[in-house]
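So the structure is just underneath, and the comments pick up after that.
Derivation of every value follows stated rules applied to the coordinates shown; laboratory data play no part. Because the structure is a prediction, the values reported are computed rather than measured. Quick reminder, even Gly has a Cβ in these numbers, built from the backbone with ideal geometry, and neighbours come from all protein chains shown.
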Amino acid sequence: MVRLPSSFAGPVRLALFLLFSVLSSTQAMYAHPAWGIVVDDQGIIYFADISGTHFGKVWRLDLSGKAVVVLDHFHAHNVSLDADGNLVTAHGELPHVMIRVDKRGHIDTLFLSEDHHSFFGGNATYAPNGDILFG
């Protein structure tokens, strides 16, 4: 469990509330919204967003509240962190790919498939122990 220092717990809670409010109101018109959100041990928030476009984005919300695009044109429904705190997410369109983004922004491919029956990024998550879990 991540424990937020009291100095930024309030702003992070406010940012999460606003984020969920915006995503909830805009996602109602789409058939399959992104649901992924994760907070690292430093309090940085990562979330998936596919609203309004066929391909979406993965965002990072830093402690000051600044939103930065981590991955553009990336149809992710979920985001996870591995045991080292690296971002792990999967692209739910061709090619179906699960990637890891380290703290420097370097991207590693963990799994790649053109066959959505063998791997569909839209219903997968990554456990801290390295397991890939499918819904």
Highest mean first, what order results for 77-85, 42-50, 64-72, 101-109 on Cβ atoms within 10 Å?
42-50, 77-85, 64-72, 101-109
Kindly identify segment 48-119 as rounded, prolate or oblate by the Cα gyration tensor criterion: order the square roots of the eigenvalues as a ≥ b ≥ c, call it rounded if a/c is under 1.5, otherwise compare a/b with b/c, prolate if a/b is larger, else oblate.
oblate
